[in-house]
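Read-outs throughout are calculated quantities, based only on the coordinates presented, and are distinct from any laboratory measurement. The shown structure was predicted, so the numbers you read here are calculated from the model rather than taken from an experiment. Cβ: placed from backbone, ideal geometry, glycine included. Neighbour counts: every protein chain shown.
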């Protein structure tokens with residue numbers, strides 16, 4: 001039973017050791033983050049239509065037509 005008497009010579013906890021193996025990923029922007037940014041920018045301009053905002057959501061945030069419409073409504077409600 002030699003293994004039972006072996007001491008852990010490292011002062012690091014198991015959690016710290018596991019954490020060392022994981023690299024931090026840079027924070028990725030979500031589609032909602034991108035769409036919210038687009039919405040805020042476009043709403044600063046007078047006369048911008050919902051259709052124009054949706055088109056920009058589709059192009060830049062890579063949303064479907066239905067997704068763009070849903071995001072528009074969610075963002076609009078959150079901005080009030």
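Some points to look at:
- Of the residues making up segment 29-50, those that are surrounded by 11 or more Cβ atoms within 10 Å (Cβ to Cβ) and more than 20 Å from the chain's Cα centre (by Cα) are 42, 43, 48, 50.
- Segment 51-65, subset over 16 Å from the mean Cα position of the chain (by Cα) and closer than 13 Å to residue 31 by Cβ, residue surrounded by the most Cβ atoms within 10 Å (Cβ to Cβ): 56
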